[in-house]
1. Counting only C-alpha contacts under 8 Å and six or more residues apart, can you give the relative contact order of chain A as a whole percent?
2. Between chains B and A there is a rotation axis; tell me the chain B residue with the nearest beta carbon and how many whole Å away it sits.
3. Shortest first and in nm with one decimal, please list how far the B:Gly192 label point sits from its counterparts in the other copies (point 7 Å along Cα→Cβ).
4. Assume the label is 7 Å from Cα along Cα to beta carbon: what separations in nm does A:Thr93 have to the matching positions in the other copies?
5. Let me know the mean shielding of A:256-269 by other chains, meaning the per-residue number of their Cβ atoms within 10 Å of its Cβ.
6. Relative contact order (percent) for the stretch B:143-299, with alpha-carbon contacts under 8 angstrom and 6 or more residues of separation?
7. Under a point-charge model restricted to the Cβ atoms of Lys and Arg (+1) and Asp and Glu (-1), what is the dipole moment magnitude of the stretch A:139-299 relative to its Cα centre, in debye to the nearest 20?
8. In what sequence do A:Cys85, B:Cys169 fall when counting other Cβ within 10 Å, fewest first?
Protein chains: 2
Amino acid sequence: MAEPVGDGAGGHVLGVDSGGSGLRIAVARIAPDGGMPRTAATFTSHDPVRTGPTGIDADHMLEQLLPAATELARQVGAVGFAAGCVGAAGMGTLGDALRARLPEALSDAFGVRRLALAADAVTAYAGALGQQPGAVVAAGTGLVALGADLTPSGGWRRADGWGHLLGDCGSGAWIGRAGLEAALRAHDGRPGGSRTLLDRAQAVFGPVAGLPAALYPRPDRPAVLASFAPEVARCAARDPLAAGILADAARHIADAAAAACPPVPGAAVALTGGLLALGDPLRVPLRAALAERLPDARPAEAAGSPLDGALAIAAALAEDRLALPVDGKLLQITGHMADPPPRRAG
Amino acid sequence: MAEPVGDGAGGHVLGVDSGGSGLRIAVARIAPDGGMPRTAATFTSHDPVRTGPTGIDADHMLEQLLPAATELARQVGAVGFAAGCVGAAGMGTLGDALRARLPEALSDAFGVRRLALAADAVTAYAGALGQQPGAVVAAGTGLVALGADLTPSGGWRRADGWGHLLGDCGSGAWIGRAGLEAALRAHDGRPGGSRTLLDRAQAVFGPVAGLPAALYPRPDRPAVLASFAPEVARCAARDPLAAGILADAARHIADAAAAACPPVPGAAVALTGGLLALGDPLRVPLRAALAERLPDARPAEAAGSPLDGALAIAAALAEDRLALPVDGKLLQITGHMADPPPRRAG
């Protein structure tokens, strides 16, 4: 453990991105110009923080976070961290233990005086767009759009992100599911079928009679569905039905972006996540759909990752220039905002 | 146990309908005119036959079936059964143990010389339409259409029945899911939303933020989705979006019926299952969709239940007048077709 430090910790911040694929931790030096902080060292664990009956397991996170952050601080010569930001999937509903434990633990270990606890969508937003107003659509297996309205009456606006049965319209699971339905329609002789997609479904999953048994017992059904999305994209050039699925997906993505985006001319709109890997069969209709639904917005490339976003929020917090909406749910500031770090008696 | 009997068993047949809600057993006297057999007594168990790693558990079925059938035979004064039909959900893929055990067990116990093993969709067909050519759509939480082509080159034709993620288009789960998606679209401010359905969703499930947690961990997700279908139907009169969902469902149901129905003028088309309880908001567009997709077919009311269908198949088998397609999968005749019932030596 590093010694708790106070004012000497001004130069470095700590960022954490906790999700289903693991725990990513980084330290960065605060940029002198107020720009995106420069990441100095990162640590990645492929042991995702457990979620138990009381939510995200704070002990399991701290077991990994404290030694890793200590080692990162040592490597970059940081004497503690001026601020930190922990982004976690499910922070809003499952983050009570983190809210209860992290502020004191990170204050004690690293002198962290200001700590942001953020939903992963917020760190994704900050990584993609920094502190500009706009909307970020995070699209992979699922899909959620988050918009930041930086006006005084503003706040965060979420759209979709309801999961594969209730929404996530236009996501990988949505595209793959639509492709498999079209394959089975062709198999049955129902309208709306695609022989091309049926051939691909059989090549990937074997005879379609076995498809229900290959899908329904799996705990990762959305991922199984999403695994077929690249096949739909590959068929789009020669199969109008596959192209139509991607055009529909593009419209759904633009709908979510439009619902989340604040009504500010020039608002930035960025897409993050693995879905863009589908390439032009999705990108081309998506550009058109965004231009139609959000004519006053500015398409932007995502500048960085959710881990970069956590570092950006931490740096802004350290320098008192956090402009993103702090709503106590999606983004909450905890700890010791104005006070020096508390020391335990004795 | 009744004594095994041979030729004296001509007057009665045994029917079984095994499904997720239990085991239904009936005996019937064969009608002298070749019509639907007259059910004489029935037994219902609410202990569904277990499905294990080797498929439907034959021992568990026989434990319930043998004593119940013995008692039913005693009540109606039957000295054994000339033929039997066991219909079971999953018979095609999970019925190996039943195929291995039932013929001998029912021959030994009741002198059953001819035994049909049928998928539940086949007994539903026979219960609804008897031995007429046509199509039956079984629609409740899920949806599957089965058509019987009685021409020499014909056979069974299935359409849909792929489950709530891959199909079951127009089913209760499909309608409920579409209604909840429309509710959440209204909540988010995305297009395609319905305030009316959002109000109903909140009345039924509470604040929508809790909807994912109320749905995804449940093992019976399709039933949870289907539980919202009656709300969609109730909203249809005043909400065009809800009415549109039911019109789409009607088209999907008609598509499945059309894919399954043999190309025979005057083929009968019937709908069975709980979905019709949605009433006119579904029935009216469904009548229109069926008239458009199957102009040469004859809409029919389902005459009876799957248990009635099992008895009808057994009676036809006993009298050598089974006309439904025997394909060894959906409908298989086992046992001792031409021979007298075997007797164990000793």
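Readers should treat all values here as calculations from the given coordinates under stated rules, not as data from a laboratory. From a predicted model like this one, the values you see are computed outputs, not experimental measurements. Positions of Cβ are backbone-derived with ideal geometry, glycine not excepted, and every protein chain shown enters the neighbour counts.
1. Worked out over chain A, it gives 24 percent.
2. B:Leu165, 4
3. Once sorted, the set of distances for B:Gly192 reads 1.1 nm.
4. For A:Thr93, the inter-copy label distances come out at 3.0 nm.
5. Working: counts 4, 1, 3, 7, 3, 0, 0, 0, 0, 0, 0, 0, 0, 0.
Going residue by residue through A:256-269 and averaging, the value is 1.
6. Working: 245 pairs, mean separation 40.2, N = 157.
Relative contact order, the stretch B:143-299: 26 percent.
7. That gives the stretch A:139-299 a dipole magnitude of about 160 debye.
8. Details: A:Cys85 32, B:Cys169 25.
Ranked by crowding around the Cβ, least crowded first: B:Cys169, A:Cys85.
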